[in-house]
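Bear in mind that the values in this text are calculations on the coordinates, not laboratory data. Remember, it's a predicted structure, so these values are computed and weren't measured experimentally. Note that each Cβ is placed from the backbone with ideal geometry, even for glycine, and that neighbours are counted across all protein chains shown.
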Amino acid sequence: MGCDMINVLVADDDRDIRDTVRIILEDAGYAVQEAENGLQALDCLRSTPDPLVVLLDVNMPGMTGLEVLEFVARCPPLCSRHTYIVITASSAKSLVQIQSSLSSALALAALGKPFDVDALLDTVAHAASRLA
């Protein structure tokens, strides 16, 4: 897969998760940026001109992943430039609620914790295929 031109933002307050995901994605040829909270993620989304695949943890201090998505849903440039994957330890029911509440503005993919390497890579590859 020619993913060397795909940029990924990993936003998670858990450094170990960020490090692990970064290593997996870099080994697969992706360029990876990191954010440790929702505010950093939002700053990166605003300042990065290139399309991003955004792995966004739901539960972060300060600004949650859901709050980031709610902001993004009201900002057409951020909706159209990037593609979003929600990471949550919640139940499948919560994933459906997250997707349905924001689906009118964002085509969301979801990845539950814990996730395996194949699921991570497949989800990121699918999201990357939606980038313009």
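Summary table below
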| item | result |
| --- | --- |
| Selection count, the stretch 34-50, where residues are surrounded by 18 or more Cβ atoms within 10 Å (Cβ to Cβ) and not hydrophobic (A, V, I, L, M, F, W, C) | 5 |
| Those residues of the stretch 56-90 which are among the polar types (S, T, N, Q) and within 12 Å of the chain's Cα centre (by Cα), in sequence order | THR83, THR88 |
| Residue count, the stretch 19-66 (criterion: under 18 Å from ASP118 (Cα atoms) and assigned to a loop (DSSP other than H, G, I, E, B)) | 3 |
| Contacts under 7 angstrom Cβ, first residue in the stretch 31-44 being farther than 16 Å from LEU66 by Cβ, partner in a helix (DSSP H, G or I) and of a type in the set (D, E, K, R), 6 or more apart | VAL32/ARG22; VAL32/GLU26; GLU34/ARG18; GLU34/ARG22 |
